[in-house]
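Let me begin by presenting the structure, written as C-alpha cells, before commenting on it.
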Amino acid sequence: MNQPLKSTAAVAAPAAEASGRTLGLSSLRELVLLPVILLMLAAGSQLNPAFLTWDNILINVLAASAVLAILVVAESLLIIAGKFDLSLQSIVSLAPMVSAYLVVPADAGGSGLELNAFCGLLVLFAVGGGVGLFNGFLVARLKLNAFIVTLAMLILLQGLTLGISSGRTITSLPDSYNFIGNTALAGVPLEVWIAAAVVVGAALFMRFHVVGREIYAIGGNVEAARAAGVKVDRVIFGLFVVAGLLAALAGLMLTSRIASVTASQGSNIIFTVFAASVIGGIDLNGGRGRIVGAATGVLLLGVIQNILLLAEVPSFWVTAIYGAVILMSMMLGTLAGSLQKGFGLVRGLRTAGRSREGRSQ
C-alpha cells in the first residue's frame, strides 16, 4: 500500500514544480513592455531635461493617465470574459453631464433644480450603473451582439449628452465635484491613488477570487464554464454594471481635473483604451491577460504622450507615432507569447519524462 502512495507523490511533485514555473512564465507577456518603458524614459530624459523631474512624472504622466487607467481596467475585465463595451466612452461624458445639469444653477448652464451636490454624485454613479445594467441585460439576457449593442449605446449616449447640454460647457461646479482634482495625499494627486487602488484591487480580484477565475473560464470557453457550473449570464451581467460604474468614476475624475463638464469630454478615448489593453497583453479573443499588464500599457502610452508633448511634435504626427508604437508593442507581446508557449512545451515534455521515470520506479 505504501508503494503506490510514494509513486503518486513522485508524480505529483514534478507536476507542482512545473505549475509553479508556468505561473512565473505567465508574467512574461505583461512584463515585456517594461524594457520598452525604460527605453522611452531614457529617450525622454535625453530629449528634455524636465522629463524625469518628479513633478512631470507625477502630474503629466501618472495623473494624466489616471482616467485612462480606470477605463482600461473596466474594459479589460469585459475583454477577458470575451465581451467588450464601446459605450464606456460616452458614459464618461453623460454621467457627469446629467449630474451637473441637475446640480448647477440655470444661469451657469444647469436645469435650475439645484439638486444637493451629494445627491448629484449619487445620480452620476446611478447613470453609469444604469447604462451598464441595460447593456448587461441586452447582452447577457437577450443574447444580443455586444459590438452592435454597445456601439448603438455609444451613439445614443453621445446624442443625449449633446441634447442635455445643448453643446455647452457647464462650469461653476460645487467644490465636491472638484475635490479629486484639487487634493493630494503625501504629495501624490488623489486621482493617482484612486487609479492605483482600482488597478491593484482588480488585479488581486482576478488573481485570487473565485469569480475572477470564473471570468477567465468564461472567456476561454463559455460552454465549458457553463457546464462546470459557472453562472455565465450573471457574471457577464455584473461585469457590465461594474464597467459602467468605473466609467462614471472616470468621468468624475476627468470633470474634477478640468473643473467643468463638456459634451465632448472623453471623445475617442475608447480607441486608446483598447490600444492600452491590447499592448498590455489582454487577448481580444478572451480568457487571457492580466490587469497588471494592461496597466503597463497605460503607463507606456502616458510616457509616449508626455515625450511628444515636451518634444513639441506637431499634432498631425502624434497619431502616426501612436499607431507605430502600438504595432511594435503588439509584435513584442506576440513574440513573448510565442516564447512562453515554447518554454511551456519544453517543460511539459520534461515533466512527462519525469512522470514516466516515476512510474517505472
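Only one of (1) out of contact with any strand residue (DSSP E or B) (no Cβ under 9 Å at 6 or more places or on another chain); (2) modelled with pLDDT under 95 fails for Phe134. Which number is that?
Here Phe134 clears every test but (2).
Please find, within segment 218-254, the residue that is nearest to Gly286 (Cα to Cα) out of those that are open to solvent by 40 Å² or more (accessible area, probe 1.4 Å) and small (Gly, Ala, Ser).
Filtering first and then ranking leaves Gly220.
Of all residues in segment 66-113, how many are more than 13 Å from the chain's Cα centre (by Cα), touching a residue at least 24 places away in the same chain (Cβ under 8 Å) and under 19 Å from Asn178 (Cα atoms)?
Number satisfying all stated conditions: 17.
State all residues of segment 170-195 that are in contact with a Ser or Thr (Cβ under 8 Å, 6 or more places away or on another chain) and buried (at least 16 other Cβ atoms within 10 Å of the Cβ); if no residue qualifies, say none. Explain how you work it out, then say what you get.
Quick first cut of segment 170-195, residues in contact with a Ser or Thr (Cβ under 8 Å, 6 or more places away or on another chain) only: 170-171, 173, 177-182, 189-191, 195.
Passing the criteria: Ile170, Leu173, Tyr177, Asn178, Ile180, Gly181, Pro189, Leu190, Glu191, Ala195.
Evaluate the following for Val123: is it assigned to a helix (DSSP H, G or I), at pLDDT 90 or above and open to solvent by 20 Å² or more (accessible area, probe 1.4 Å)?
Here the answer is yes, as Val123 does meet what is asked.
A quick yes/no check of all residues on (1) modelled with pLDDT of 90 or more; (2) touching a Pro at 6+ places or on another chain (Cβ under 6 Å); (3) under 19 Å from Ile307 (Cβ atoms); (4) in a helix (DSSP H, G or I):
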position	(1), (2), (3), (4)
Ser19	no, no, no, yes
Thr22	no, no, no, yes
Arg29	no, no, no, yes
Leu34	no, no, yes, yes
Leu41	yes, no, yes, yes
Pro49	no, no, yes, no
Ile57	yes, no, yes, yes
Asn60	yes, no, yes, yes
Leu71	yes, no, no, yes
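The values are calculated or read from the model by the stated rules, or taken from the named source; none is laboratory data. Predicted model, so just to flag it, every value in this text is computed and none were measured. Note: ideal-geometry Cβ built from the backbone for every residue, glycine included; neighbour counts use all protein chains shown. Just the protein is used for accessible areas: all its heavy atoms, side chains included, with ligands, DNA and RNA removed. Shrake-Rupley method; radii C 1.70, N 1.55, O 1.52, S 1.80 Å.
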